[in-house]
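Working notes, beginning with the structure itself.
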Amino acid sequence: VYMHNTDKNGHRSGWMSDAYLAAIGNADRCIREVCRVLPEDTAVIVTSDHGGHENTHHSELEEDMTIPFFLSGPGIPRGREIDGAFGILDVAPTVLGLQGLEVPPEMKGRDLRR
């Protein structure tokens, strides 16, 4: 599920603006509703493509490079924090692990459930 309204409001009104925070609140409610109707044994990953500052995200600033990453599902302890840095390359190994599949040794990234 892609929720464009958060990104649109970040660019239009600025990250951390009232409009952006309202869009984040709406996305949170939508995610909660989707999770409510899923079977209990469903794994859910919530992430973003980028962070931002002011009305942009084209920099090496930490707030531009840091993204949320939430993982919920069978065997994942509630409230556990991911150890160390992680990135987009870790998503595919995590999905493979959630499916009970082996991560090919040549694949970059790590299974974030561990």
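The values are calculated or read from the model by the stated rules, or taken from the named source; none is laboratory data. As the structure is a prediction and not an experimental result, all values here were calculated from the model. Backbone-built Cβ (ideal geometry, glycine too); neighbour counts: all protein chains shown. Surface accessibility is based on the protein's heavy atoms, side chains included, excluding ligands, DNA and RNA. Shrake-Rupley method; radii C 1.70, N 1.55, O 1.52, S 1.80 Å.
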Accessible surface of the chain [probe 1.4 Å, protein heavy atoms]: carbon and sulfur percent: 55
Rank by packing, highest mean first: peptides 8-16, 79-87, 52-60, with packing defined as the count of other Cβ atoms within 10 Å averaged across residues. 8-16, 52-60, 79-87
In Å, what Kirkwood hydrodynamic radius results for the stretch 38-85 from the alpha-carbon pair distances? 12.7
Would you mind getting the accessible area per residue of the chain, heavy atoms of the protein chains only, 1.4 Å probe, in Å²? 72
For the chain, what D do you get in µm² per second when you plug the Kirkwood radius from alpha-carbon pairs into Stokes-Einstein at 4 °C and 1.567 mPa s? 83
Percent relative contact order for the chain, counting Cα pairs under 8 Å at least six residues apart, stands at 19
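Counting each DSSP H run of 4 or more residues in the chain as -39500 (n - 2.57), what helix-only mean residue ellipticity at 222 nm follows after dividing by all residues, to the nearest 500 deg cm²/dmol?
The per-residue figure over the chain is -11000 deg cm²/dmol.
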Along Cα→Cβ, 7 Å out, is where each label goes; now give me the distance between the ones at GLU62 and THR47 in nm to one decimal. 2.1
